[in-house]
1. Take the stretch 4-30 and flag every residue that is surrounded by 15 or more Cβ atoms within 10 Å (Cβ to Cβ) and in a loop (DSSP other than H, G, I, E, B).
2. Considering the stretch 40-56 alone, what residues qualify as being under 14 Å from the mean Cα position of the chain (by Cα) and farther than 10 Å from SER6 by Cα?
Amino acid sequence: MHTTDSTDYGVVLSGNVMCELDDGAEVLLPPGDVVVQNGTRHRWRVVGDVPATLAVFIVGAHREAARQGSDSGAASVGGEDRASDVAGLG
């Protein structure tokens, strides 16, 4: 798993991608699904025999010093609100 100091916006263009979040929840993202992450600790993997293509836009951010280790913030994965799975970014 990894975490970045960024807000990431992505759309699955082809193939299927599994996004695993910090709490162990897994969300299958088929073509057309959108993911927005705000410093979320996560892992990606391709599901199936077809390579996956994603378009991802990453916007840098700085963590607030008081919330550096916090897991609060906002994210949407596959249209599902995952606010409890992200780190706060300032």
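1. THR4, GLY15, ASP22
2. ARG41, HIS42, ARG43, TRP44, ARG45, LEU54, ALA55, VAL56
Read-outs throughout are calculated quantities, based only on the coordinates presented, and are distinct from any laboratory measurement. All values derive from a computational prediction rather than experimental measurement. As a convention, Cβ positions derive from the backbone with ideal geometry for all residues, glycine included, and neighbour counts pool all protein chains shown.
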